[in-house]
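The values are calculated or read from the model by the stated rules, or taken from the named source; none is laboratory data. Being a predicted model, the structure only gives us computed values, none of them experimental. A quick note on method: Cβ atoms are made from the backbone with ideal geometry, for glycine too, and the neighbour counts reach across all protein chains shown. Just the protein is used for accessible areas: all its heavy atoms, side chains included, with ligands, DNA and RNA removed. Shrake-Rupley method; radii C 1.70, N 1.55, O 1.52, S 1.80 Å.
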Amino acid sequence: MAYFKNIGNIAYEGKGSDNPLAFKHYNPQEIVLGKPMEEHLRFAVAYWHTFTASGADPFGVGTAVRGWDSANEMDQAKMRVEANFEFLSKIGIPYYCFHDRDIAPEGSSLAETNKNLDVIVDLLEEGMKASGAKLLWNTANMFTNPRFVHGAGTTSNADVYAYAGAQLKKSLEIGKRLGAENYVFWGGREGYETLLNTDMALELDNLARLFHMAIAYSKEIGFGAQFLIEPKPKEPTKHQYDFDAATTIAFLQKYDLKDYFKLNLEANHATLAGHTFEHEIRVAAINGMLGSLDANQGDLLLGWDTDEFPTDLFSTTLTMYEVLKAGGLGKGGVNFDAKVRRGSFEDEDLFLAHIAGMDTYAWGLKAAAKLIEENVIDGFVDNRYRSFKEGIGAEIVSGRATLASLEQYALQNNVIKNESGRLERIKLQLNEIIYSV
Ligand code: XLS
Ligand code: NI
Ligand code: NI
């Protein structure tokens, strides 16, 4: 059955087009720095925001009326599968991502829940074969159900921990069956509200134990996906353990997990942590930990994860600049972890929102490539640090300098001269580049 009957395939029409249901910048085959755009960007649709969310907020019920709405949860789950593949093929996005609980309803027992999953995973497998769509990543939702009130891997209740382990096991099996290229861990309830009732050391040790079990089980079943942790500083818990990239890397290092994981970084999570997205990507990249991106944007005036579709060109340009400089996303991709606003409740908005995100990323990619081709940033940065290429600077970098040799140098170097960082000039150049592509 078709759900988006009035919408055809979305095509690239270029900058001159005034058709809202067409791409002005995303031209999948266009070569950018030696590679087609679609290979740089590896877009994915987030199942939960696109097919499961209804526009409900804490003050009101959903506003969207969808063709897959149904009183019977299993029927609805099956219809969502059809809608997913129709949407992917019409919008021209090769990948999708889901949580286990997005695709199938929970039953009255774990066994029944797993049976529901099996039915839907069969359909997903068929749909993927028929359409060529691929799974960028899957994950286990261990935060919505009330049983996870005190956490999953960091719960105070061993029975809940065991349930989480069982749920994780099933999700890894699903990932293997559907050929997921990555597997994501976002610790929705892995954090705490107050130290007054929390054993932080035990919680962190237990979380690491769960990750080690996941590695062991994946090896056992031959699931070769790249494991990703998605940092987020707060929401839902006040103190999330995976606060940001740097915190997460320290955790992975401490528990000997660093070789098995990379990071799935989300724009809105970065800003919640008081960072830019490009900061988080740089931190990951210089530690060899850049895995994948959750593309969205927050609202500077609101203090939570608003998950808006990315439309900020400066951010997507600097994001893609970091990605290009890091050598690309590898097995990762650009997943639209973004939802249409409550007021954008028509089916067409799902297309318009993805077009907005895809065009903004494609535009950002082109601008980032130009920044590199014209050597705008690199040249400047290179020159800015040139004092480390010779003399005392080269000694520091090679590790030969000591405090005594630095003192000897400083004592005879009576005039220190600094140079401008030229921030305003560079920002204007950035503007010029963005508007020229
Ligand atoms: C929530 C997270 C979540 C993860 C997957 O803030 O972004 O959607 O991406 O569990
Ligand atoms: Ni996310
Ligand atoms: Ni998020």
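Just a few scattered comments:
- When you filter the trypsin sites (Lys or Arg not before Pro) in the stretch 347-437 for DSSP loop state and at most 16 other Cβ atoms inside 10 Å of their Cβ, you are left with LYS389, ARG400, LYS417, ARG422.
- Heavy-atom surface analysis with a 1.4 Å probe gives the stretch 192-316 a carbon and sulfur content of 56 percent of its accessible area.
- Helical runs (DSSP H, four residues minimum) scored at -39500 (n - 2.57) apiece and divided by the length of the chain put the mean residue ellipticity at 222 nm at -14500 deg cm²/dmol.
- Debye log10 I(q)/I(0) for the stretch 95-175, one point scatterer per Cα, at q = 0.19, 0.26 Å⁻¹: -0.82, -1.32
- Applying both filters, DSSP loop and at most 16 other Cβ atoms within 10 Å, to the chymotrypsin sites (Phe, Trp or Tyr not before Pro) of the stretch 1-73 gives PHE4, PHE59.
- Karplus 3J(HN,Hα) series, Hz, for the stretch 295-300 with 6.51 cos²θ - 1.76 cosθ + 1.60 (x for Gly, Pro): 8, 6, 8, x, 10, 4
- Long-range amide H partners of PHE185 with built H, under 5 Å: LEU228, ILE229, GLU230
- Rounded to 5, the percent of DSSP beta bridges in the stretch 165-321 classed as antiparallel: 20
- Label positions at ASN157 and SER89, each projected 7 Å from the Cα along the C-beta direction, are separated by 4.4 nm.
- Estimated Rh, the chain: Kirkwood, alpha-carbon pairs, angstrom: 23.5
- In the stretch 80-119 the Cα-Cα distances spread across 5 Å bins starting at 0 as 6, 21, 23, 18, 13, 10, 6, 2 percent of all pairs.
- P(r) tail fraction, the stretch 274-356 - alpha-carbon pairs more than 21 Å apart, %: 34
- At a probe radius of 1.4 angstrom, the accessible area of the stretch 320-437 per residue rounds to 59 square angstrom.
- Taking every alpha-carbon pair in the stretch 197-340 and binning the separations at 10 Å intervals from zero gives 11, 40, 34, 14, 1 percent.
- Averaging 1/r across all pairs of distinct Cα atoms in the stretch 330-437 and inverting the result yields a Kirkwood radius of 18.7 Å.
- For the stretch 110-156, the spread of Cα coordinates along the three principal axes comes to 44, 24, 13 Å, biggest extent given first.
- Where MET142, MET320 fall by accessible area, highest first, once all protein chains stay in place (1.4 Å): MET142, MET320
- Gyration tensor (alpha-carbon) shape descriptor, the stretch 44-143, a/c threshold 1.5: oblate
- Seen against the Cα atoms of the chain and their longest principal axis, helix 110-131 is set at about 70 degrees.
- Considering only the chain, percent of DSSP beta bridges that pair antiparallel, nearest 5: 20
- The C-alpha atoms of the chain define a longest principal axis, and helix 73-91 lies at about 50 degrees to it.
- Listed residues PHE4, THR319, HIS269: farthest to the positive end of the dipole of the chain (Cβ charges): THR319
- Amide proton proximity set for GLU266, modelled H, under 5 Å, gap of 5+: ASP294
- Carbon plus sulfur fraction of accessible area for the stretch 29-86, probe 1.4 Å, in percent: 54
- Here is the list for the stretch 250-340: chymotrypsin sites (Phe, Trp or Tyr not before Pro) lying in DSSP coil, each with at most 12 other C-beta atoms within 10 angstrom of its C-beta, are TRP304.
- Crossing angle, helix 277-286 versus the chain [Cα axis fit, 0-90 degrees, rounded to tens]: 70
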